[in-house]
Amino acid sequence: MLLLKRAYEPAAPGDGFRVLVDRLWPRGLSKERAKLGEWLKAIAPSEDLRKWFAHDASRFDAFRERYERELAEGEAKAALDTLAARAKKETVTLVYAAHDEEHNNAVVLAALIARRRKRATAK
């Protein structure tokens, strides 16, 4: 199972393996309170893409396309593959700091992992 949760929401037992998917640490959040299993910077949007997007919902579709291209190669692809495999075996919660719960990188990651699952089960 794959869940999404803001970093500022309290961790819960049902969260399973919690992974921060942002490049920057959430402001004002202690490591103890975050209760993360991993901080996966490699899967976060590049610095340039993050700055370009600037959490502007009107740019989200273009952000998604660019971010998915970044996730298709190199270290980001390997990190995504590992995360997707883990999500098949156990509950994984993608933790993010953005205020907008509908337009952020965790939403893109979750949709991408879900599409992969559909393709794998369709074979």
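The values are calculated or read from the model by the stated rules, or taken from the named source; none is laboratory data. In this text the structure is predicted, and so the values were computed from the model without any measurement. For neighbour counting, all protein chains shown are included, and Cβ atoms are generated from backbone atoms with ideal geometry for every residue, glycine included. These accessible areas exclude ligands, DNA and RNA; they are computed on the full protein's heavy atoms, side chains included. Shrake-Rupley method; radii C 1.70, N 1.55, O 1.52, S 1.80 Å.
Which residue pairs have Cβ atoms closer than 7 Å, lie 6 or more positions apart in sequence or on different chains, and pair a first residue in region 44-61 that is under 18 Å from GLU102 (Cβ atoms) and touching a residue at least 40 places away in the same chain (Cβ under 8 Å) with a second residue that is open to solvent by 30 Å² or more (accessible area, probe 1.4 Å) and part of a helix (DSSP H, G or I)?
Going by the 7 Å Cβ cut-off, the qualifying pairs are PRO45/GLU70.
Can you name the number of the only condition in (1) touching a Leu at 6+ places or on another chain (Cβ under 9 Å); (2) under 23 Å from ALA11 (Cβ atoms); (3) among the small types (Gly, Ala, Ser) that ALA72 fails?
Single failed check for ALA72: (2).
Among the residues in region 77-94, are any under 22 Å from LEU3 (Cβ atoms), assigned to a helix (DSSP H, G or I), at pLDDT below 95 and among the hydroxyl-bearing types (Ser, Thr, Tyr)?
yes
Give the residue, chosen from GLY14, GLY37, that is among the small types (Gly, Ala, Ser), within 12 Å of VAL95 (Cβ to Cβ), more than 12 Å from the chain's Cα centre (by Cα) and modelled with pLDDT of 95 or more.
GLY37
Is one or more of the residues making up region 22-34 closer than 16 Å to VAL108 by Cβ and hydroxyl-bearing (Ser, Thr, Tyr)?
No, because not a single residue in region 22-34 is closer than 16 Å to VAL108 by Cβ and hydroxyl-bearing (Ser, Thr, Tyr).
Select from region 62-80 the residues that are exposed (fewer than 13 other Cβ atoms within 10 Å of the Cβ) and either in contact (Cβ under 8 Å) with a residue 60 or more places away in the chain or of a type in the set (D, E, K, R) (or both) and list them in ascending order.
GLU65, ARG69, GLU73, GLU75
I want to confirm something. Restricting to region 1-36 and keeping residues that are in contact (Cβ under 8 Å) with a residue 60 or more places away in the chain and of a type in the set (Lys, Arg), which single residue is most open to solvent (accessible area, probe 1.4 Å)?
Restricting to residues being in contact (Cβ under 8 Å) with a residue 60 or more places away in the chain and of a type in the set (Lys, Arg), the top hit is ARG27.
Which ones in region 43-53 are open to solvent by less than 30 Å² (accessible area, probe 1.4 Å) and either of a type in the set (Ser, Thr, Tyr) or in a helix (DSSP H, G or I) (or both)?
Hits for region 43-53 are ILE43, LEU49, PHE53.
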